[in-house]
Amino acid sequence: MTETAKLIALVRSLGGDVSAVDSRLDAAVAKLLADRAVARLVVNRPLGGAAEPGSPFHAVLEVVAAADASVRLAGEIAAVFEVPCRCEIYTVREQVQRNYERTWGTCEASPGVKLIATVSRKPGLTLAAFKSHWSGVHADIALANPVRMWRYVQNVVIARSDGASPDVDGIVEMHYRDPEALKTRMQVAPVETMRGIEDAQAFMNLANAESIISVETILKDEPQ
């Protein structure tokens, strides 16, 4: 079995020409699809076609590839995106806390909506303590919410592509089968939802979090 690595690329439009950013995104996707080192490719675009106010991201790419090709691929992805956009690429260690059973094909939009957010630890908390709490106590609280996440993935950042990228500790993926669940979870399950928020406030620096509500499309998914 080939050792693999996962890259997450956060694409920012920087307020430029959206069509130009889309063109660069399409070019990056085409390049990755043609690369034999890439085993899995997922593109996440904003729900409704445009990012919500306050969201800085135009799209998010997820790439699982042969580990010995990850540095090359990160460089090639970054080279595609220039002004009026920027791409921040992180190498992550993925932990799937809950997974869906996929019944749809590649290149079809996945059902539901997916919240992707950067997370950082509170000042004074060690990275080891952050990772332990996130994957243990916090994951248990999140998975116990009756407003059920369909898929829940914690990505611990192990490397940044360059020093200009924000220094975040993780990237979370929260996928809901029901598109309304993300909006109504506080009304439907206020106690459990507030418990999750309060726990996050205890070990995360939420002021630095950035997010996108997206629609996922799996473009490539080969056995690893």
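The values are calculated or read from the model by the stated rules, or taken from the named source; none is laboratory data. All of these numbers come straight from a predicted model, not from anything done at the bench. When we count neighbours, we look across all protein chains shown, and the Cβ atoms used for this are built from the backbone with ideal geometry, even at glycine.
Summary table
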item: Unmet requirement for residue 55, which otherwise passes all of (1) part of a helix (DSSP H, G or I); (2) polar (S, T, N, Q); (3) under 20 Å from residue 155 (Cα atoms); result: (1)
item: In segment 65-104, residue surrounded by the fewest Cβ atoms within 10 Å (Cβ to Cβ) [restricted to those that are part of a helix (DSSP H, G or I) and touching a helix residue (DSSP H, G or I) at 6+ places or on another chain (Cβ under 7 Å)]; result: 76
item: Filter result (of a type in the set (Asp, Glu) and modelled with pLDDT under 90) within segment 49-88; result: 52, 82
item: Test: residue in segment 1-19 that is farther than 24 Å from residue 162 by Cα, touching a residue at least 24 places away in the same chain (Cβ under 8 Å), in contact with a strand residue (DSSP E or B) (Cβ under 8 Å, 6 or more places away or on another chain) and part of a strand (DSSP E or B); result: no
item: Test: residue in segment 25-43 that is at pLDDT below 95, in contact with a strand residue (DSSP E or B) (Cβ under 7 Å, 6 or more places away or on another chain), closer than 22 Å to residue 171 by Cα and assigned to a strand (DSSP E or B); result: no
item: Residue check for residue 189: surrounded by 14 or more Cβ atoms within 10 Å (Cβ to Cβ) and among the small types (Gly, Ala, Ser); result: yes
item: Top-ranked residue of segment 105-129 - restricted to ones that are surrounded by 14 or more Cβ atoms within 10 Å (Cβ to Cβ) and of a type in the set (S, T, N, Q), ranked as nearest to the chain's Cα centre (by Cα); result: 118
item: Every pair of residues 6+ apart whose Cβ atoms lie under 8 Å, when the first sits in segment 195-224 and is under 24 Å from residue 35 (Cβ atoms) while the second is among the β-branched types (Val, Ile, Thr) and assigned to a loop (DSSP other than H, G, I, E, B); result: 218/106; 219/106; 220/106; 221/106; 224/2
item: Complete set of residues in segment 50-79 that are aliphatic (A, V, I, L, M) and under 18 Å from the mean Cα position of the chain (by Cα); result: 50, 51, 59, 60, 61, 63, 64, 65, 73, 74, 77, 78
item: Any hit, segment 150-157, residues being β-branched (Val, Ile, Thr) and surrounded by fewer than 16 Cβ atoms within 10 Å (Cβ to Cβ); result: no
item: Whichever residue in segment 111-151 is touching a Leu at 6+ places or on another chain (Cβ under 8 Å) and not hydrophobic (A, V, I, L, M, F, W, C) and, among such residues, is farthest from residue 171 (Cα to Cα); result: 121
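Results for (1) among the polar types (S, T, N, Q); (2) in contact with a helix residue (DSSP H, G or I) (Cβ under 9 Å, 6 or more places away or on another chain); (3) surrounded by 14 or more Cβ atoms within 10 Å (Cβ to Cβ), shown as yes or no for each residue.
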| position | (1), (2), (3) |
| --- | --- |
| 163 | no, no, no |
| 175 | no, no, yes |
| 180 | no, no, no |
| 200 | no, yes, yes |
| 204 | no, yes, yes |
| 210 | no, no, yes |
| 215 | no, yes, yes |
| 224 | yes, no, no |
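Here's the yes/no breakdown for (1) more than 26 Å from residue 89 (Cβ to Cβ); (2) β-branched (Val, Ile, Thr); (3) in a strand (DSSP E or B); (4) in contact with a Pro (Cβ under 6 Å, 6 or more places away or on another chain):
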{"position": "143", "(1), (2), (3), (4)": "yes, no, no, no"}
{"position": "154", "(1), (2), (3), (4)": "no, no, yes, no"}
{"position": "159", "(1), (2), (3), (4)": "no, no, yes, no"}
{"position": "162", "(1), (2), (3), (4)": "no, no, no, no"}
{"position": "168", "(1), (2), (3), (4)": "no, yes, no, no"}
{"position": "173", "(1), (2), (3), (4)": "no, no, yes, no"}
{"position": "186", "(1), (2), (3), (4)": "yes, no, no, no"}
{"position": "191", "(1), (2), (3), (4)": "yes, yes, no, no"}
